[in-house]
1. How do 348-354, 164-170 rank on mean C-beta neighbours within 10 Å, highest first?
2. Starting from a Cα-only point model with no solvent, please compute log10 I(q)/I(0) by Debye for segment 16-134 at q = 0.14, 0.15, 0.16 1/Å.
3. Between G382 and residues 5 or more places away or on another chain, which pairs have amide H atoms under 5 Å apart, with H built 1.01 Å from N, and which residues are they?
4. Testing the spin-label approximation: label points 7 Å from Cα along Cα→Cβ at K333 and A397. State their distance in nm.
5. Residue by residue, what Karplus-based ³J(HN,Hα) values in Hz, rounded to whole numbers, does segment 195-211 have, using 6.51, -1.76 and 1.60 with θ = phi - 60° and x for Gly and Pro?
6. Which value, in debye to the nearest 20, gives the size of the charge dipole of segment 83-173 about its Cα centre, when Lys and Arg are +1 and Asp and Glu are -1 at the Cβ?
7. Could you look at the chain and say what percent of its accessible area is carbon and sulfur, using a 1.4 Å probe and all protein chains?
8. Evaluate E = 1/(1 + (r/R0)^6) for W53 and R218, where r is the Cβ-Cβ distance and R0 equals 60 Å; express this FRET efficiency to the nearest 0.05.
Amino acid sequence: LNPRRSPARCSQYQSISASLRPSLVFQAVFNLLIPDHAADAFSPPRLGSPGPWDALVERLLGGLGRWDAEHFLFVAERGYLFEHNCAFLPLFPLSLRALACLWPPQLQPRSRLLLSAALLNSLLSVLAAAALYALGRAVLRRRGEAFLAALLFSVSPASVFMAAAYSESAFAFLAFSAMWQLEKGQSWLSGLLFSLASGARANGLINAGFFLYSRGKRFALQLQVGSASVRKLPLMWQQVLSLACSAALTCAGISLPFALFQYYAYVRFCGPGTGLGQSVPEPLLQLARDKGYRVAGVDGAKPPWCSQRLPLVYSYIQDAYWNVGFLRYFELKQIPNFLLALPVTLLGLWAAWTYVSTNPRHCLTLGLERSRSEEKGKPRDGFCGPATFVYVVHATALLAFGFFCMHVQVLTRFLGSSSPVLYWFPAHLLQEHEPLLWSAGTDNPSSGKPLLRKSPSCCGKETPDNLIMRLLLNWRSITPLSKSILGFFLCYWLLGLILHCNFFPWT
């Protein structure tokens, strides 16, 4: 992501960065104006005496430490003290702990961690948007559509989680960067980034599918275009064995951080008591007694997951603490949460249907058959191009799993931090159906105009037009479809900042 290679690309990154800034400001304003809701959520007692600077940090950035962010901040400060903290993987809290050393020691640990979270996620959000733009240019082959998707990411319906002390920004940056490197053919770097992503979020394990598909497609195309000697049985078996070994090593490497953390949790909670409980402050021990939390290093009955054939603390916590499982959320009282997830569900299904109906043969052959356009060296570009197939499958698999097996309201941030399709497809719809973008000079084939309109900046340099602002300033004249897409993104962006930052239920 080297913007110095092109002044135009540098200005595009600046436009994306400027679009991401308001989230921190708005969360601070809403946190100051709206009283916090008394939520039944993990809320460990604050130890120590906060000073005036701690109070200022809490007032300005306290909205970043709500709901699951409390777990990340607690782990960064205290480690994996309680069993249910192990549902939150270590890459992000370790990063917060490392950055906390930058701030004055006079501040309380929570204040230093909140400052670290604000700094780290601000940087990672910009880098994730830049990685999404680079990935879009490689896959969609339409610079304007890729740029519009990156701008949509800057007002993502999951924006509040990109700003708060959650691992979404870190995961989005790692996942999008890994996908981009894989598109460039940088397999080792891509594998490393995918591996780090699985240390940030458990759904990073499914990213191994990108590697498996890439290797499988390469092998299938070699068989189709190779000479007769390539298709001889002994040589083919040798290639299949090499492919299987490579796939196994890749999957093992991507899964390694997750597996190591499961082993760490097993040693910490299933091993003999180490007397760690004696060094835990009494208020935290009292919290554990009141809430029924299991404390690490305390003698007593071992957790039930320790005796399982494959002792995975992550699966046990999801099941025992949050009742996550197939169809468990299908209850009448959860209808509001299903309605909250309805927009992203419809958008994901629409994206899958559009792609399948446009490319039925390509989908039936799993994209492993060489198409006529590829044979001529001119594959179709844009969202419906062949290169998008694996990303649509990935997004649809995440959507199905999240809808049937998870707390459905988290679908918005689940897809928003994991799948580029959530941004590519709306960008595709806007460019295909919004005449204002055709006149703005996008890369719509019918416009015949430059990819991006330039406008003079305050420094006398030309910068790409922010197409989101162009649409908003012309709200009355844009199409109902454009209003629906922008309304979904902006309403969830704003409501998330208002509700989540004040401990109200959200996605």
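The values are calculated or read from the model by the stated rules, or taken from the named source; none is laboratory data. Note that the coordinates shown come from a computational prediction; the quantities given were computed from them, not determined experimentally. Here the Cβ is made from the backbone with ideal geometry for all residues, glycine too, and neighbour counts use every protein chain on show. The accessibility values were calculated without ligands, DNA or RNA, using every heavy atom of the protein model including side chains. Shrake-Rupley method; radii C 1.70, N 1.55, O 1.52, S 1.80 Å.
1. 164-170, 348-354
2. -0.64, -0.74, -0.84
3. R141, R142
4. Taking the two extended label points, one gets 3.4 nm.
5. 5, 5, 4, 6, x, 9, 9, 5, 5, x, 5, 5, 5, 4, x, 5, 5
6. 280 debye
7. After summing per-atom areas, the C and S share lands at 64 percent.
8. Efficiency, rounded to the nearest 0.05: 0.60.
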